[in-house]
1. Have a look at 154, 122 and point out the one that is in a helix (DSSP H, G or I) and within 30 Å of residue 8 (Cα to Cα).
2. I need the full set of residues from region 64-98 which are without any contact (Cβ under 8 Å) to a residue 12 or more places away in the chain and under 26 Å from residue 119 (Cα atoms), in order please.
3. For residue 154, state whether it is under 30 Å from the mean Cα position of the chain (by Cα) and either at pLDDT 90 or above or surrounded by 10 or more Cβ atoms within 10 Å (Cβ to Cβ) (or both).
4. Exactly one of (1) surrounded by 11 or more Cβ atoms within 10 Å (Cβ to Cβ); (2) at pLDDT 90 or above is unmet by residue 141. Its number?
5. Can you pull out every residue in region 68-77 that is within 19 Å of residue 4 (Cβ to Cβ) and in contact with a helix residue (DSSP H, G or I) (Cβ under 6 Å, 6 or more places away or on another chain)?
6. Among the candidates 116, 112, 108, single out the residue that is assigned to a helix (DSSP H, G or I), farther than 23 Å from residue 129 by Cβ and at pLDDT 90 or above.
7. Please go through region 121-133 and give me each residue that is within 15 Å of the chain's Cα centre (by Cα) and surrounded by fewer than 14 Cβ atoms within 10 Å (Cβ to Cβ), ordered by number.
């Protein structure tokens, strides 16, 4: 590609000066986060907040990459190369989605949550791909039938076949 695009991401945990980015109300008491408490869900709120930034960054990085890939044919004339890049991007997106799903599951339910979330993602991904492939096959079959009809009509107009020879009008 023509130019190199570099994206640097720095996640700051906020460890300097305590874990609260805003000063506590007077008296030192603070309201309890709904994700905190005696239910054992102490870090869920902060873990989900940490996942939002990577998800947004993945989205924007994907948009930049898709833009670069979609202009390959216009810039170089290499249609097949662009198609290979599109296929690679789809595969990369599938793995990134699996990873993000596992991270979300881990943030909510630990290792078991990660496994369950990744498993569900894989099942949904497989179902979607099966539907996509089935619809593509159906579309190709319809196009093939339409082309066969068109070819037959063209042969009929050209006189290559006769309706009488095929058991038609007599």
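1. Of 154, 122, the one residue that is in a helix (DSSP H, G or I) and within 30 Å of residue 8 (Cα to Cα) is 122.
2. Across region 64-98, the qualifying residues are 87, 88, 90, 91, 92, 95.
3. No: the conditions fail for residue 154.
4. It is condition (1) that residue 141 fails.
5. Scanning region 68-77 gives 69, 72.
6. One residue alone meets the criteria, 112.
7. 123, 124, 126, 127, 128, 129, 132, listed by residue number.
The values are calculated or read from the model by the stated rules, or taken from the named source; none is laboratory data. Quick caveat: nothing in here was measured; it's all calculated off a predicted structure. Here Cβ is always computed from backbone atoms with ideal geometry, including for glycine, and neighbour counts include all displayed protein chains.
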